[in-house]
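**Q** Sending over a structure as C-alpha cells; questions will come in a sec.
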Amino acid sequence: MMDYHAHKPGPHGGYLCAVRRTDWEQVAAATGMIPCFGVHPWYAEQASAVQIAYDLDEYLSRYPKAQVGETGLDATPSHRGTLDAQELLLQVHLGAAFRHDRLAHLHGAGAWSKLLEMLQQRARNNTLPRVLLHAWNGSHELARAFLPLGAIFSVGVRELVHPKASERYARIPAGKLFAESDDDPDSFPQAVRMLSALRGDINVH
Ligand SMILES: [Zn+2]
C-alpha cells in the first residue's frame with residue numbers, strides 16, 4: 001500500500017503534499033512520489049487566492065500526474081479566526097481540482113461538518129472533484145454522509161491510537177480507507193499494521 005498523505009518523501013511512495021506555495025518546486029522534484037500542489041489552511045491568510053488560482057492552473061497543466069493539496073478547513077481554536085480566508089482558498093483548490101480532474105487532499109480538523117456542506121453544495125452544482133479526507137477522525141455517521149460524494153479517507157498512527165478508532169474506521173467500506181504518514185514517514189509501516197489489524201481487509205504487502 002502506498003502512503004496516501006505525506007509531507008516528506010518516504011520509501012513507500014504515495015502522495016506528497018505541499019504546505020506552502022514555496023514548497024511546490026521541491027514537491028514537484030521529489031522522486032518516487034505523486035506531487036500535490038496546494039496551500040494548507042494554516043497558511044491561507046498569507047496566501048493570495050487569485051495568485052494561487054493562477055499558479056494551480058499552471059502547475060496542474062505542467063504536471064499531468066499531480067494532484068491538489070493540501071487544502072481544507074481548520075476550525076480548531078488557534079485557526080478558526082482565519083476561516084473566511086480558508087474557505088475562499090479551499091474553493092480555489094476545489095475549482096482547480098474539478099477543472100483538471102485531480103484528487104483534492106482535504107484537511108478538516110474541527111470543521112468536518114462545514115466541509116461536508118461545502119462539498120454537498122458543489123455536488124449540487126456539478127463542480128465537485130474527487131476528494132480525500134486526510135487525518136479523518138469524524139464519526140461513522142459523518143463518514144456515511146461523505147461516502148455518497150465519492151470521498152475517500154486516510155488515517156495515520158495519531159488517529160489509529162484513539163480509543164474510538166475501531167468505532168470510526170472498522171465499518172468504512174473496503175477501498176475507501178487508506179494509511180498515511182503525514183509529517184512522519186517512519187510511522188507509515190505502523191499505520192498500515194494498525195489499520196490492517198483493525199479491519200482485516202487491508203493488504204499489508
Ligand atoms: Zn498534512
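**Q** Being within 16 Å of the ligand (Cβ to nearest atom) and either surrounded by 22 or more Cβ atoms within 10 Å (Cβ to Cβ) or part of a loop (DSSP other than H, G, I, E, B) (or both) is the filter here; which residues of the stretch 161-205 pass it?
**A** Listed by number, the residues that qualify are Phe178, Ala179, Glu180, Ser181, Asp182, Asp183, Asp184, Phe188, Ala191.
**Q** While we're on this one: So, Tyr63, is that one of a type in the set (Phe, Trp, Tyr), over 17 Å from Lys8 (Cα atoms) and within 16 Å of the ligand (Cβ to nearest atom) or not?
**A** So Tyr63 fails the test.
**Q** Run down Ala49, Ala44 and say which single residue is over 24 Å from Phe178 (Cα atoms), hydrophobic (A, V, I, L, M, F, W, C) and either buried (at least 18 other Cβ atoms within 10 Å of the Cβ) or in contact with a Phe, Trp or Tyr (Cβ under 9 Å, 6 or more places away or on another chain) (or both).
**A** None of the others qualify; the one that does is Ala44.
**Q** Report yes if some residue within the stretch 161-180 is within 24 Å of Gly32 (Cα to Cα) and of a type in the set (Gly, Ala, Ser); otherwise report no.
**A** Yes, that holds for at least one residue.
**Q** If you don't mind, another one. Tell me which residues, restricted to the stretch 1-53, are within 14 Å of the ligand (Cβ to nearest atom), out of contact with any Leu (no Cβ under 7 Å at 6 or more places or on another chain) and in a helix (DSSP H, G or I).
**A** Passing the criteria: Asp23, Trp42, Tyr43.
**Q** For a quick check of your reading of the model, give me the residue pairs whose first member lies in the stretch 167-184 and is on the phi > 0 side of the Ramachandran plot, whose second is part of a loop (DSSP other than H, G, I, E, B), with beta-carbon atoms closer than 8 Å and at least 6 apart or on different chains.
**A** Qualifying pairs under 8 Å: Asp182/His7; Asp182/Ala135; Asp182/Gly156.
Every number here is computed from the coordinates shown, using simple stated rules; none is lab data. Source: prediction; values computed, not measured. With ideal geometry, Cβ positions are generated from the backbone for all residues, glycine too; neighbour counts draw on all protein chains shown.
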